[in-house]
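The values are calculated or read from the model by the stated rules, or taken from the named source; none is laboratory data. Computed from a predicted model, the values in this text were never measured in an experiment. Counting neighbours? That spans all protein chains shown, and the Cβs are built from the backbone with ideal geometry, glycine included. What goes into the accessible areas is simple: the full protein's heavy atoms, side chains included, and nothing from ligands, DNA or RNA. Shrake-Rupley method; radii C 1.70, N 1.55, O 1.52, S 1.80 Å.
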Amino acid sequence: MNRLPEVTKNLLAINALLFLATFVLGKQGIDLVGILGLHFFKASDFAPYQLITYMFMHSGFSHIFFNMFALYMFGGVLERVWGAKRFLIFYLVCGVGAGVLQEIVQYVQYVQLGYDSISEIAVYRGGPLVPMADALNHWRTVGASGAIYAILLGFGMLFPNEKMFVFPLPVPIKAKFFVMGYAVIELLLGMSGTRDGVAHFAHLGGML
């Protein structure tokens, strides 16, 4: 950990501390994810600062583990090449960009499904009806995944022919093919309309 560049090390620490704070404050009745997570901009709980804070919130252990593992593996490499300031700007701008694209996608869904004309809706399928204004507050995005996907793209562009071992593939593949494969998978999952709780377009937004 001491050998990691400062920005990468601090990003790992901030994410870990806030993940711990989520559980500690949750026992006190404080919903930190609800405060710092990115809400749909038409929801009453939306605040502009959430476009930054949402990327430091995570929904569970596996979510933060894989994001921080990728940051540990690839973030330090980019920071050493670009320097601390450029890397931090890249990380934050791509994270914000991912959040903006997710907001746009949610707005398109909002319009297409005619939610602007609905007064009550079930937040969960089969659940009780609640006012639409309250239901919109359940549309929230969390996680560093958009910024992490940007880091993967940056690594793939800087070191396109670097060979990587990716489970479960039995042979190494070049970084450029690894990144392109991830992008295609995210695009297909995003366009499939599958409600898997993953913000696939936010991942693509980070890359974009």
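Brief remarks on what is shown
- Any hit, the range 11-19, residues being open to solvent by 80 Å² or more (accessible area, probe 1.4 Å) and either assigned to a loop (DSSP other than H, G, I, E, B) or free of Cβ contacts under 8 Å to residues at least 12 places away in the same chain (or both): yes
- Inside the range 88-98, residues that are surrounded by 23 or more Cβ atoms within 10 Å (Cβ to Cβ) and either under 15 Å from Pro48 (Cβ atoms) or among the hydroxyl-bearing types (Ser, Thr, Tyr) (or both) make up a count of 2.
- Number of residues in the range 70-87 that are within 27 Å of Phe165 (Cα to Cα), part of a helix (DSSP H, G or I) and open to solvent by 20 Å² or more (accessible area, probe 1.4 Å) equals 7.
- Among the residues of the range 174-201, those identified as at pLDDT 65 or above, in contact with a strand residue (DSSP E or B) (Cβ under 9 Å, 6 or more places away or on another chain) and within 23 Å of Met68 (Cβ to Cβ) are Ala175, Phe178, Gly181.
- Taken over the range 105-120, residues that are in a helix (DSSP H, G or I) and either open to solvent by 90 Å² or more (accessible area, probe 1.4 Å) or closer than 17 Å to Met55 by Cβ (or both) amount to 6.
- Qualifying positions in the range 39-69 - under 21 Å from Leu152 (Cβ atoms), of a type in the set (A, V, I, L, M, F, W, C) and not in a helix (DSSP H, G or I): Met57
- The condition (being of a type in the set (Gly, Ala, Ser) and either closer than 30 Å to Asp116 by Cβ or within 16 Å of the chain's Cα centre (by Cα) (or both)) is satisfied by just one residue among Ala13, Ala47: Ala47.
- Residue match in the range 124-140 (condition: assigned to a helix (DSSP H, G or I), among the aromatic types (Phe, Trp, Tyr) and either surrounded by 12 or more Cβ atoms within 10 Å (Cβ to Cβ) or in contact (Cβ under 8 Å) with a residue 12 or more places away in the chain (or both)): no
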